[in-house]
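Please find one structure pasted underneath; my questions will follow.
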Amino acid sequence: MSAGARYKIKNNVSLKLQADRVSGFGGNYMSGLFRPEPNSTTPSMLKAAYIYSVSVSTAF
């Protein structure tokens, strides 16, 4: 799931904000965010990861 917004600062400059929610781990991974660490035996309690980003775009 993602949500984003774009704000036009000037004709050639814009500010972009985005929030993403990555889910579906379901305890299947042992540890780490997206891949299990080698030799890990402890199940991860991670159910979802939230990723936030901010960027400035320019055009010349």
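The values are calculated or read from the model by the stated rules, or taken from the named source; none is laboratory data. These figures come from a predicted structure and were not determined experimentally. FYI the Cβ positions are ideal-geometry reconstructions off the backbone, even for glycines, and counts take in every protein chain you see.
Given the conditions (1) surrounded by 10 or more Cβ atoms within 10 Å (Cβ to Cβ); (2) modelled with pLDDT of 85 or more, which single one is not true for residue 52?
Here residue 52 clears every test but (1).
Let me ask you something else. Scan the stretch 1-32 residue by residue and report those that are surrounded by 13 or more Cβ atoms within 10 Å (Cβ to Cβ), closer than 18 Å to residue 53 by Cα, at pLDDT below 95 and of a type outside the set (Asp, Glu). Walk me through it before giving the result.
Here is the first cut: in the stretch 1-32, the residues surrounded by 13 or more Cβ atoms within 10 Å (Cβ to Cβ) are 14-20, 22, 25, 29-31.
Next, from what is left, pick out any that are closer than 18 Å to residue 53 by Cα: 14-20, 22.
Okay, now just the ones that are also at pLDDT below 95, so 20, 22.
Of everything in the stretch 1-32, just one residue is surrounded by 13 or more Cβ atoms within 10 Å (Cβ to Cβ), closer than 18 Å to residue 53 by Cα, at pLDDT below 95 and of a type outside the set (Asp, Glu), namely 22.
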